[in-house]
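Inspection log for the structure reproduced underneath, given as structure tokens.
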Amino acid sequence: MVNFDDSLFALKLFAALGCGLMAGVFFAFSAFVMNALGRLQPMQGIAAMQSINITAINPLFMTAFLGTGAVCILVLVFSLLKWHQPGVAYLLVGSLLYLVGTLGVTIAFNVPLNEALAKVESSSTEGAKLWTSYLANWTVWNHIRATAAFVAAASLTIALCHRAA
């Protein structure tokens, strides 16, 4: 029979793994995808990023991205209810980092940039101007969300180690 502690452990593990997975996705964009797109002619770069933004909205990615957020909310609630237990501060920090620094940054900054890019014609002068600023701004915010997801994964992993100790 599965007890509450086992279920909670599974939630914490899923949150840590989900944060790590998302950190890896965002790291890949920061480390080489955006650099590769920036080497293309604006028309090609815009068309490629528009295609990426469309194909990113799929069940697998959205489950990992939003599912990790949902689990982090549950872990956050647990951490507030069980504040006195060892390692709970790591749960709080990890959950908040993912929710604010990854999910929040995506919603507040990356998505609006993606929506603006979706509206331009890739071959237009306006598109080329937007592309230059898009590359710089989107990548900065991506660095932030990659770092937040990575540190969240580390914090949640430390919390898991407290349970094992």
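Sorted on the mean count of surrounding Cβ atoms within 10 Å across their residues, most packed first, peptides 54-61, 83-90, 41-48 read 41-48, 83-90, 54-61. The fraction of Cα-Cα pairs per 10 angstrom bin, counted from 0 for the range 4-164, comes to 11, 38, 26, 15, 8, 2 percent, rounded to whole percents. Projecting label points 7 angstrom from Cα along Cα→Cβ for Lys119 and Phe61 puts them 2.1 nm apart. Based on Cα contacts under 8 Å between residues 6+ apart, the range 4-164 shows a relative contact order of 42 percent. Between the Cα long axis of helix 125-164 and the first principal axis of the chain there is an angle of about 10°, rounded to the nearest 10.
Can you tell me the orientation of helix 4-28 relative to the chain, as the angle in degrees between its alpha-carbon axis and the longest Cα principal axis, to the nearest 10? For helix 4-28, the angle is close to 20 degrees. Whole Å is fine, so just give me how far the alpha carbon centre of the range 125-156 lies from that of the range 31-103. Using only Cα atoms to place each centre, the spacing works out to 11 Å. The eigenvalues of the Cα gyration tensor, multiplied by 5 and square-rooted, give the range 85-165 an equivalent ellipsoid with semi-axes of 38, 10, 7 Å from largest to smallest.
For the pair Ser133 and Ala47, what calculated FRET efficiency results from E = 1/(1 + (r/R0)^6), where r is the Cβ-Cβ distance and R0 = 22 Å, to the nearest 0.05? The pair Ala47/Ser133 has a calculated efficiency of 0.80.
Computed from Cα positions, the angle between helix 59-81 and the longest principal axis of the chain comes to roughly 40 degrees.
All of the numbers you see were taken from the coordinates with simple rules; none came from a lab. On a predicted model such as this, the values are computed, not experimentally measured, just so you know. Counting neighbours? That spans all protein chains shown, and the Cβs are built from the backbone with ideal geometry, glycine included.
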